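A short worksheet on the structure shown next.
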Amino acid sequence: MNNAVLHKAESRGLADHGWLKSYHTFSFANYYNPERVNFGVLRVLNDDTVAPGMGFGTHPHENMEIISIPLEGDLEHQDSMGNTTVIKHGDIQIMSAGTGVKHSEYNKNKDSLVKFLQIWVFPNKKNVTPRYDQITLNVKDRHNKLQQILSPNAEDAGVWIHQNAWFYMGNFDKNFTTDYKVHDKKNGLYVFVLKGNIVVGEQNLKTRDGYGIWNFDSVIITSKSDSEILLMEVPMY
């Protein structure tokens with residue numbers, strides 16, 4: 001497809017700080033690739049592993065929608081809005097940084113790793129009042145189906161953000177096939193493979209590969225092995 005971009009797992013940037021191993025799909029911190037700054041309004045997709053008892057000290061954000069998706073372990077969050085929470089596999093966390101917020105994130109456990117995805121999306125509205133939310137979803141509800149985890153609408157399933165975006169997660173058996181219809185034709189779709197082997201259209205993808213497409217109405221997704229995927233539909237402007 002001409003309207004596509006492929007990011008192989010091994011091509012991502014890597015920051016290894018000992019206590020933190022972070023793979024960057026897009027330019028972040030000391031990793032800069034002018035061809036990989038963003039996919040539409042999707043600005044950051046970091047695949048983080050944090051050592052027991054370690055974490056990110058208090059630091060600021062503003063005018064960004066920040067989504068955390070725990071994959072393994074327990075991540076403790078504290079912020080300047082007064083929230084102290086723990087998120088774990090099955091939870092989705094959203095923080096609208098807006099006019100400014102400070103937060104910290106630590107591996108709550110002293111004997112096991114925590115793994116999570118950190119995702120940043122440019123908002124469609126600046127300088128909003130900072131907001132925090134987290135929800136717990138039933139992971140079984142994404143077996144051989146796409147479970148909506150994020151949308152622009154507070155009334156819909158999942159968390160909501162200040163952007164015309166929809167995120168889904170799916171756990172598929174081998175040979176399962178589904179199709180994804182885009183909500184807004186001005187949007188693109190970024191597929192991130194958490195585990196397994198899938199085919200999106202005619203593109204083969206493996207664990208931790210990323211694949212973005214745009215200017216399409218729908219696309220067929222086929223699982224070639226037991227697999228787990230994250231779909232992120234975002235505006236391309």
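The values are calculated or read from the model by the stated rules, or taken from the named source; none is laboratory data. Please read all numbers here as calculations on a predicted model, not as lab measurements. Please note: Cβ atoms are built from the backbone with ideal geometry, for glycine as well, and neighbour counts cover all protein chains shown. Remember, those area values only see protein heavy atoms, side chains included, never the ligands or the DNA or RNA. Shrake-Rupley method; radii C 1.70, N 1.55, O 1.52, S 1.80 Å.
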| message | For segment 110-129: of the residues being hydrophobic (A, V, I, L, M, F, W, C) and in contact (Cβ under 8 Å) with a residue 60 or more places away in the chain, which is farthest from Phe167 (Cα to Cα)? | response | Leu113
| task | Considering only residues that are charged (D, E, K, R) and over 27 Å from Tyr237 (Cα atoms), look in segment 131-173 and name the one that is surrounded by the most Cβ atoms within 10 Å (Cβ to Cβ). | result | Arg142
| field | Tyr190 being of a type outside the set (A, V, I, L, M), within 20 Å of Leu6 (Cα to Cα) and either part of a strand (DSSP E or B) or modelled with pLDDT under 95 (or both) | value | yes
| field | Residue under evaluation Tyr132, criteria (1) hydroxyl-bearing (Ser, Thr, Tyr); (2) touching a strand residue (DSSP E or B) at 6+ places or on another chain (Cβ under 7 Å); (3) not in a strand (DSSP E or B), criterion not met | value | (3)
| remark: In segment 174-211, anything within 26 Å of Gln163 (Cα to Cα), open to solvent by 20 Å² or more (accessible area, probe 1.4 Å) and without any contact (Cβ under 8 Å) to a residue 40 or more places away in the chain is listed as Lys181, Lys185
| Taking segment 30-79 as the search range and keeping residues that are among the hydroxyl-bearing types (Ser, Thr, Tyr) and at pLDDT 95 or above, which one is nearest to Val114 (Cα to Cα)? | Thr49
| said: I need the full set of residues from segment 135-173 which are in a strand (DSSP E or B), in contact (Cβ under 8 Å) with a residue 60 or more places away in the chain and touching an Asp or Glu at 6+ places or on another chain (Cβ under 6 Å), in order please. | reply: Val159, Trp166
